[in-house]
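Enquirer: Have a look at this one before I ask anything.
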């Protein structure tokens with residue numbers, strides 16, 4: 001019985017020494033390696049990429065662009081997301097991976113001249129754009145209810161999902177109008 005008691009006491013002492021040693025080494029390592037090597041990750045979402053890199057350098061952190069994505073809400077060159085997330089403790093000299101905005105996707109405005117309103121709307125939708133305001137004007141060149149031109153102009157680059165205004169022909173200015181000469185001069189001066 002004495003041998004069993006002695007054995008159990010020895011096992012308990014070994015377990016106690018192991019537990020004290022394990023936690024003691026953990027505490028000693030934290031003191032040696034230290035909390036001095038940890039920093040709080042700053043929130044850099046929405047910042048300009050270059051500004052974020054400079055700010056993180058002050059915290060002894062690196063910033064690396066992982067991906068470039070089009071974003072309609074965040075302007076070009078600004079950070080969309082980051083990993084690790086802000087406000088957590090991390091080791092100094094760690095790299096923060098970021099996704100940076102390329103700004104909105106740009107598309108070319110298609111030529112709409114001499115198209116019907118319906119045809120122009122379809123062509124704009126196929127390009128990822130929407131028809132904006134419809135402005136009616138007289139034209140000696142373009143038939144009634146056909147597109148004279150667009151604003152912004154055809155072949156210009158514009159952000160996808162933007163609106164394009166169209167100028168629609170009312171046909172030729174009628175001769176019977178008492179304002180014929182006034183409108184005729186305006187038409188010739190506008191270059192329609």
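The values are calculated or read from the model by the stated rules, or taken from the named source; none is laboratory data. What you see is a predicted model; the values in this text were computed from it and never measured. Here the Cβ positions follow ideal geometry from the backbone for every residue, glycine too, while neighbour counts run over all protein chains shown.
Enquirer: Exactly one of (1) touching a residue at least 12 places away in the same chain (Cβ under 8 Å); (2) in contact with a strand residue (DSSP E or B) (Cβ under 7 Å, 6 or more places away or on another chain); (3) more than 25 Å from residue 152 (Cα to Cα) is unmet by residue 85. Its number?
Expert: Condition (2) is where residue 85 drops out.
Enquirer: Which of the following residues is closer than 30 Å to residue 129 by Cβ and modelled with pLDDT of 90 or more: 110, 42?
Expert: Result of the check over 110, 42: 110.
Enquirer: Right, another one. Could you check residue 72 against (1) outside the structural domain of residue 168 (by TED's automatic domain parsing); (2) without any contact (Cβ under 8 Å) to a residue 60 or more places away in the chain; (3) part of a loop (DSSP other than H, G, I, E, B) and say which number it fails?
Expert: So the condition that residue 72 fails would be (2).
Enquirer: Sticking with this structure for a sec: I need the full set of residues from the range 47-61 which are surrounded by fewer than 13 Cβ atoms within 10 Å (Cβ to Cβ) and not in a helix (DSSP H, G or I), in order please.
Expert: Answer for the range 47-61, where residues must be surrounded by fewer than 13 Cβ atoms within 10 Å (Cβ to Cβ) and not in a helix (DSSP H, G or I): just 60.
Enquirer: Residue 13: assigned to a helix (DSSP H, G or I) and either without any contact (Cβ under 8 Å) to a residue 60 or more places away in the chain or closer than 30 Å to residue 163 by Cβ (or both), yes or no?
Expert: yes
Enquirer: For the range 111-151, give me each residue that is surrounded by 17 or more Cβ atoms within 10 Å (Cβ to Cβ) and under 30 Å from residue 68 (Cα atoms).
Expert: Result: 123, 124, 129, 131.
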